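Below is one structure; the comments refer to it alone.
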Amino acid sequence: STKKDLMDLGVEEQIIRVIPEAPSFSKASEAEVAVVKKKYQIQGDYLVSVGVTELKNTKRIIEAFHLSSAGKELKLLLVGRPTGIQIEPERNLRILGYVPQNDLKALLTGSRGLVFASLYEGYGIPILDAFNCGTPVVTSNISSMPEVAGEAAVLVDPFEPASIADGITKVLAGPRGLVEKGFARISEFSWEKTARMTLDVYREALNADKEAGK
């Protein structure tokens, strides 16, 4: 997806190398989840959405949350400070603000699902983070997100709250298969692989310089 964006800006395809990234963290323990839930005073089950901006599609995600049965039974936790967007207080909705990585790991591990229905992502590491935490994912069917998620997430139309709501309902109805698919998908990504592919690009550039110098 980012390669296509670069090409649309006029960058030649033959000089672009695509290197996937990897998860930021792994699954938290039950004790870590309990500590973080106590820290943020979270009771009962919940969903997580990362980022509170127009680009992260926060308002449609909130609308979808209330359209789905989750709006009556669960809480929606918004991770991040609102930026360029105003969110009014609503039932079962909480804005947690900035959350450290270790806390986010525990929040994702303890959640019923990640709702990551962004309008655009250069990559979408939270999808991989959720997979690594054993958490099912609802994400957008546009931009880079289908590439990252593969067949391990529920893909939705981010411009349609009803589609996002349907995705939430599907995740809550049968997450087990998605969790297994998420773990299988995550096996394809590692920072070692990212580093090796990056090193290959440096070597390629060095060899190209040597060839040009002949």
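The values are calculated or read from the model by the stated rules, or taken from the named source; none is laboratory data. Model, not experiment: these values are computed from the prediction. Ideal geometry is used to build each Cβ from the backbone, glycine not excepted, and the neighbour counts take in all protein chains shown. Just so you know, the surface numbers come from the protein's heavy atoms only, side chains and all, with ligands and any DNA or RNA stripped out. Shrake-Rupley method; radii C 1.70, N 1.55, O 1.52, S 1.80 Å.
Per DSSP helix of 4 or more residues, -39500 (n - 2.57); summed, then divided by the residues of the chain. What does that give at 222 nm, rounded to the nearest 500?
-14000 deg cm²/dmol, from helical runs alone.
For the stretch 72-214, with every protein chain kept in place, what is the accessible area per residue (1.4 Å probe, Å²)?
51
With springs connecting C-alpha atoms under 10 Å apart, model the chain as a Gaussian network and identify which of Tyr46, Tyr98, Tyr120 has the largest mean-square fluctuation.
Tyr98
For Lys39, which lysines qualify as cross-link partners when the Cα separation must be under 21 Å and same-chain residues fewer than eight apart are set aside?
Lys27, Lys75, Lys105
Using only Cα atoms, tell me the angle between helix 175-186 and the longest principal axis of the chain; keep it within 0 to 90° and round to the nearest 10.
The two axes meet at around 20 degrees.
How much length is gained on full extension from Glu12 to Leu206, taking 0.36 nm per residue of separation minus their Cα-Cα distance?
Length gained between Glu12 and Leu206: 67.9 nm.
Between helix 30-39 and the chain, what is the angle of the helix's C-alpha long axis to the longest principal axis, kept within 0 to 90° and rounded to the nearest 10?
70
GNM on the chain, C-alpha springs below 10 Å: top fluctuator among Ala153, Ala173, Ala64?
Of the options given, Ala173 has the highest mean-square fluctuation.
Per-residue counts of other Cβ atoms within 10 Å, averaged by peptide: what ranking do you get for 179-186, 101-108, highest first?
Answer by packing, highest mean first, reads 101-108, 179-186.
Among 195-201, 28-34, how do they line up by average Cβ neighbours within 10 Å per residue, starting with the highest?
28-34, 195-201
Please list, or write none, the lysines whose alpha carbon is within less than 30 Å of the alpha carbon of Lys4, excluding same-chain residues fewer than 8 places away.
Lys56, Lys59, Lys181, Lys193, Lys210
Within the stretch 1-159, what whole-number % of the accessible surface is contributed by carbon and sulfur, with the 1.4 Å probe and all protein chains included in the calculation?
Carbon and sulfur together cover 51 percent of it.
Please determine, in degrees from 0 to 90 and to the nearest 10, the orientation of helix 161-173 with respect to the longest principal axis defined by the Cα atoms of the chain, where the helix direction is its Cα long axis.
80
Specify whether the C-alpha gyration tensor of the chain places it in the rounded, prolate or oblate class, a ≥ b ≥ c being the square roots of the eigenvalues: rounded for a/c under 1.5, otherwise prolate if a/b is larger than b/c and oblate if not.
Prolate.
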